[in-house]
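Visitor: Can you read through this structure? Questions will come right after.
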Amino acid sequence: MTEPAHYGDKIGIVVVTYFPGETLEGFLDSLEKATTREVRVVLADNASADGVPEKAAERRENVHLLSIGENLGYGGGANRGVAELGDEYGWIVIANADLEWEPGSLDALLEVAGRWPRGGAFGPLIKEPDGTVYPSARLLPSLGRGIGHAAFGKVWPGNPWTREYRQERATPVERVSGWLSGSVQLLRREAWDSVDGFDTRYFMYFEDVDLGDRIGRAGWQNVYAPSAAVMHIGGHSTARAPAKMLAAHHASAYRYLADRHQGPLWKPVLAAVKLGLALRLKLETRRK
């Protein structure tokens, strides 16, 4: 019988990179002011060819480059990065390269974690470059809520399904959420290991929704921590192949719903969902 892991209190930062460009230096520079604790940074690189991750690892002693050699997607890259960290790393941060930490923000996240012993994942307040608060702590997308958001989110942004799902009119207060944005999360290593990390069937998108759902099902909590804040530039890597990323988004949305509505009774409903998503993808591709 395998002995349960005994986790330490060290912090490991896993940054999934794919042609990160100049954003990576901004991330690493701001991280130095985000915490007073020592951290180890693993750059889980999905076959970038811009040389940026290599230069970052050469210049900084606490930065380690993991060259994966192929593009595993966000979840796959994150899983490989976390696997580089021993059990002494009881806290892990998984993040995109295209964000910047506010001073003290990682310490603020850890302070929140101390108040939530069953907290498995913690997400900071995420700001857009113009200062707008991004709705990063949301309800899980039920079938009805998901269809309503998918059908009307673009043409009727204020529709009740989107408004409920995104929780964007809720006051930014510390609370339990259905899921947290995968652009940056602090995770309790015990919670992460209990669900085996990200589901790698999700190449891009919805891997964070799925993770939040499974963390909750495993008895942990997803905690929104707006006392910590970051700025997310967004879209730097995905902008390289927008059509591919759009298709991946729709495929992941279907996978998420199909995984949770199995059996013959759901087949007609899922067939209609697949058709609707295919039509939406076609319209979105034309528009872009």
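What follows is calculated from the coordinates using simple rules that are stated; it is not laboratory data. Source: prediction; values computed, not measured. So basically every Cβ, Gly included, is an ideal-geometry build from the backbone, and we count neighbours across all protein chains shown.
Visitor: Could you list which residues have their amide H under 5 Å from that of Lys127, counting only those 5 or more apart in sequence or on another chain, with H placed in the peptide plane?
Guide: Counting only residues 5 or more places away or on other chains, the set is Tyr134, Val230, Met231, His232.
Visitor: Please give the length that would be gained between His64 and Ala5 if that part of the chain were fully extended, namely 0.36 nm times their separation in residues minus their C-alpha to C-alpha distance (nm, one decimal).
Guide: Difference between extended and current length: 18.9 nm.
Visitor: Can you sort Asp213, Asp208 so the residue with the fewest Cβ neighbours within 10 Å comes first?
Guide: Working: Asp213 20, Asp208 25.
By the 10 Å Cβ count, ascending, the order reads Asp213, Asp208.
Visitor: For the pair Glu284/Asn71, report the inter-label distance in nm, with labels modelled 7 Å from Cα in the Cβ direction.
Guide: If labels sit at Glu284 and Asn71, their model points lie 1.7 nm apart.
Visitor: Let me ask something additional. Would you count, across segment 241-288, every pair of lysines whose alpha carbons are under 18 angstrom apart, provided the pair is eight or more residues apart or spans two chains?
Guide: Working: Lys244/Lys274; Lys244/Lys282; Lys244/Lys288; Lys274/Lys282.
For segment 241-288, the number of qualifying lysine pairs is 4.
Visitor: Okay, next question. Fewest first, what order do Thr200, Thr35, Thr17 take by the number of other Cβ atoms within 10 Å?
Guide: Ascending Cβ contact count within 10 Å gives the list Thr200, Thr35, Thr17.
Visitor: Restricting attention to segment 78-142, which GluC sites (Glu not before Pro) occupy a DSSP loop and are surrounded by at most 15 other Cβ atoms within 10 Å?
Guide: Of the GluC sites (Glu not before Pro), the ones in loops of segment 78-142 whose Cβ has at most 15 other Cβ atoms within 10 Å are Glu84, Glu88.
Visitor: What residues have an amide H closer than 5 Å to that of Trp91, excluding those fewer than 5 places away on the same chain, when H is modeled at 1.01 Å from N in the peptide plane?
Guide: Lys10, Gly12, Arg189
Visitor: Let me ask something additional. If the chain between Gln262 and Arg175 were fully stretched, how many nm would it gain, using 0.36 nm times the residue separation less the Cα-Cα distance?
Guide: Answer, rounded to one decimal: 28.2 nm.
Visitor: List the residues whose amide H sits under 5 Å from the amide H of Gly104, counting only those 5 or more places along or on another chain, with H placed 1.01 Å from N in the peptide plane.
Guide: It is Ala34, Thr35, by chain and number.
Visitor: Then there is this: Kindly list the residues of segment 55-94 that lie in the label zone of Glu190, defined by a backbone N under 16 Å from the point 7 Å along the Cα-to-C-beta vector.
Guide: Answer for segment 55-94: 87-92.
Visitor: Over the alpha-carbon set of segment 241-288, divide Rg by the Kirkwood Rh and report the Rg/Rh ratio to two decimals.
Guide: Over the Cα atoms of segment 241-288, Rg/Rh equals 1.05.
Visitor: What are the chymotrypsin sites (Phe, Trp or Tyr not before Pro) within segment 1-108 that DSSP puts in a loop, where the Cβ has at most 11 other Cβ atoms within 10 Å?
Guide: Sparse-neighbourhood loop chymotrypsin sites (Phe, Trp or Tyr not before Pro): none present.
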